[in-house]
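> Before anything else, here's the structure in question.
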Amino acid sequence: MEKLSNENPENIESKEDAVESSLGQISQCSQRWLQLGFAAGALLVGGAGIERRMGNEAEYASHVSSSENEKSHAERKNEEIEIKKIFGDSVVFEIQDGDYRAYFERKSVERLEPNLVNMNAAGWERFSNEAFTEKYLEYPKGWIAGEVGEVKYIDSMNIDIESKRKIGGEVVNGIIGAPTIFVYRNTQSVGNEPLIPIKREVVMHELGHANDWKTDRDLNLKERYDLLLSVYNRISSPDSYHRDGDRYYENYIDGTQEGLYQGAREYWADICAGYFLNPQKFIEKHLADFNLVDTYAKKNDPTFDIFNPERGKHP
Ligand SMILES: [Zn+2]
């Protein structure tokens, strides 16, 4: 999720105040629910899902083991221990649940670009057709199709009760399928992007959430752990992104494992936004973060070039 700061809203370098809100907890709760489902053989997931899930546990386990050799298995197990130590056991279950879902979705669900819902209410119909697509090379293949099921416009302001800040957008995971991105009246672009009615940074930030170590459809289990640990490494580095503004430390990293994990999630979404929004500036100022996103962006699309002059051009 992303909250909009009032100051200099188009400048990604500005200090953005973002804290988890009551709505953030909704999405958190649904994640926790799914994770319990994983641990308990999906007893909590109702209906036909139960049968399917329990019946497939063995298939999933054999998929994981067949994709590993002795060495990568040992490495993955070590990373699991490290992640438990840093972020807590629940994060490992959450990631395993994400990998489980991704495996079956890759097999059975067609990769489609998202349904755009209610965009005409905002007058964003045309723009959203251009923004949430891989067609114009703005995003690598596999960044949108299959990763976002729906983009839904809610015709109201969304203000966090606690911090009183406007929530720019958010990603909510459902029980099955790709997540929904919600955008609001306050996702409106202000000032210096007159031709683009929606705040692009919000779009790019939320797409980052839709492609993280838990939600991405394409990574294997070890790659998920690698990504989270790389982000942890970045957030702990002296040259970490936004370090000056201390956004992560002020808003998330409060000494608890949950806070640290939230900080890592937001850090990843922010460096994705930095990379896609203004790659030239981002590579100059934040090379290590640039390289991290670039590596993952190219994973499914090795020829993707963030500096391609044709990128984002549309009729
Ligand atoms: Zn966020």
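> Along the positive direction of the dipole of the range 199-254 (beta-carbon charges: Lys, Arg +1; Asp, Glu -1; about the Cα centre), which of S236, N220, Y252 reaches farthest?
Toward the positive end, the furthest listed residue is N220.
> Can you order the peptides 100-109, 206-215 by their average number of other Cβ atoms within 10 Å per residue, highest first?
Details: 100-109: 16.2, 206-215: 25.1.
Averaged packing, sorted descending, gives the order 206-215, 100-109.
> Determine the shape class of the range 107-232: with a ≥ b ≥ c the square roots of the Cα gyration tensor eigenvalues, call it rounded for a/c under 1.5, and otherwise prolate if a/b is greater than b/c, oblate otherwise.
Cα axes put the range 107-232 in the prolate bin.
> Using a ≥ b ≥ c from the Cα gyration tensor of the range 217-285 (square roots of the eigenvalues), is it rounded, prolate or oblate, where a/c under 1.5 gives rounded and otherwise the larger of a/b and b/c decides, a/b for prolate?
Oblate shape, in that a/c is at least 1.5 and b/c is the bigger or equal ratio.
> Residues with amide H under 5 Å of I159's amide H, sequence separation 5 or more or different chain, H placed in the peptide plane at 1.01 Å from N; which?
Distant-sequence amide H within range of I159: I167.
> Additional query: Only Lys, Arg, Asp and Glu count, each charged at its Cβ (+1, +1, -1, -1), so figure out the dipole size of the range 212-315 about its Cα centre, rounded to 20 debye.
Taking the Cα centre of the range 212-315 as origin, the dipole is about 260 debye.
Every read-out reported here was derived from the displayed coordinates using simple, explicitly stated rules and does not represent laboratory data. On a predicted model such as this, the values are computed, not experimentally measured, just so you know. Ideal geometry is used to build each Cβ from the backbone, glycine not excepted, and the neighbour counts take in all protein chains shown.
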